[in-house]
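The values are calculated or read from the model by the stated rules, or taken from the named source; none is laboratory data. Since the structure is predicted, the reported quantities are computational estimates derived from the model, not experimental observations. Note that each Cβ is placed from the backbone with ideal geometry, even for glycine, and that neighbours are counted across all protein chains shown.
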Amino acid sequence: MTSRPDDNLRRVDEPDRTGTDRPLTGLLTELAQETTTLVRKEVELAKAEVSEKVSQATTGAVSLAAGGLVAFAGLIFLLLAVTYYLATMMEPWLAALIVGGVVTLVGVILVVIGKSRLNACNLQPTRTLATIQDDKRWAKEQLGR
């Protein structure tokens, strides 16, 4: 279970645990400490999310490279089919053409999948941006009290 930045904070208008109001300098010191902790946690979250996005980009790049290699193999089969056709004008070219077409189609599909995984929207740190917005809203609420 993760804790929110405000879980350990006491409301400004609440009395101290000892029953006396805390001086303004104490409140400002606590605010500075909590803000530092909040920023540190946000940086940790951003690092974790960026690491996840780099892993996702790596997977996309590997799929893209694999798709390129498979498409290249397909091109070789298509060229082989043309060669068989021109050299023999017999049935073996048809088999090579069918195999080359299928391999090329598989390669194109892999390239499209790899490209979609490298989409810029997929690489945004959305969770970090959402928590920063939550923290901004929370800070505004705290200052408004």
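Numbers for the structure displayed
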{"read-out": "Looking only at the range 91-111, and only at residues there that are free of Cβ contacts under 8 Å to residues at least 40 places away in the same chain, out of contact with any Leu (no Cβ under 8 Å at 6 or more places or on another chain) and β-branched (V, I, T), the one that is nearest to G74 (Cα to Cα)", "value": "V103"}
{"read-out": "Filtered residues of the range 110-145 (kept if modelled with pLDDT of 75 or more and of a type in the set (K, R))", "value": "K115, R117, R127, K136, R137, K140"}
{"read-out": "Positions within the range 29-65 being touching a Gly at 6+ places or on another chain (Cβ under 9 Å) and surrounded by fewer than 16 Cβ atoms within 10 Å (Cβ to Cβ), in sequence order", "value": "T59, A61, V62, A65"}
{"read-out": "Candidate set from the range 38-54 (those that are acidic (D, E) and without any contact (Cβ under 8 Å) to a residue 12 or more places away in the chain); member that is nearest to A139 (Cα to Cα)", "value": "E44"}
{"read-out": "Complete set of residues in the range 81-97 that are part of a helix (DSSP H, G or I), among the hydrophobic types (A, V, I, L, M, F, W, C) and surrounded by fewer than 17 Cβ atoms within 10 Å (Cβ to Cβ)", "value": "V82, L86, A87, L94, A95"}
{"read-out": "Residue match in the range 19-34 (condition: assigned to a helix (DSSP H, G or I), modelled with pLDDT of 85 or more, within 27 Å of P125 (Cα to Cα) and not basic (K, R))", "value": "yes"}
{"read-out": "Pair list, Cβ under 6 Å, 6 or more apart: the range 55-80 residue hydroxyl-bearing (S, T, Y), other residue surrounded by fewer than 17 Cβ atoms within 10 Å (Cβ to Cβ) and assigned to a helix (DSSP H, G or I)", "value": "S63/I113"}
{"read-out": "In the range 49-93, the residues that are hydroxyl-bearing (S, T, Y) and farther than 30 Å from R117 by Cβ", "value": "T83, Y84, Y85, T88"}
